[in-house]
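Some notes on the structure that comes next.
Throughout, read-outs are computed from the coordinates displayed, never taken from laboratory work. In this text, all values refer to a predicted model and were calculated from it rather than measured experimentally. Because the Cβ atoms are built from the backbone with ideal geometry, glycine has one as well, and the counts that use them run over all protein chains shown.
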């Protein structure tokens, strides 16, 4: 009766994992600390709680049984009925209605958590999109400022070049004028 494989949800693979940790009976499972059990692949904190609750009930049932009953194969249907699903374990004697109500509450809580998670994901997505838009605007502004600066520098260079050309032309005209005066003085 106290075999590990009698526990609901414990198949040959899980029995092998438990036995590798030196856990061969339900009593040894109950005596093991959480850290040891959680180190085993496929065992979550929820599953540890479920194993402990159902295992304890099964041991209690086998201790309450007469020697003849204890040696015979015990039906674990009652113990299995206590496990509503992987997340909910109820004490022995809980009615089906009570179990259904507990499962319904758990389901509603899961739906609410899922909706909150979706809402948060959507908000995070919006925040990320807003950040990208802000980044793109900043990049466009920086690019526009750089283009404006470049155009201003280019205009300044052109103006400087035009002034130089104008000065050179004025100098050339002055030279011609001076050369013309010198030539007319020589003729006279």
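What is the extension gain from residue 111 to residue 62, computed as 0.36 nm multiplied by their sequence separation minus the C-alpha to C-alpha distance, in nm to one decimal? Don't jump to the answer; show the numbers that get you there.
Numbers: separation 49, 0.36 × 49 = 17.64 nm, distance 3.87 nm.
13.8 nm is the gain from fully extending residue 111 to residue 62.
Can you order the peptides 172-180, 9-17 by their average number of other Cβ atoms within 10 Å per residue, highest first? Before the final figure, lay out each step's value.
Numbers: 172-180: 10.0, 9-17: 14.0.
Peptide ranking by packing, descending: 9-17, 172-180.
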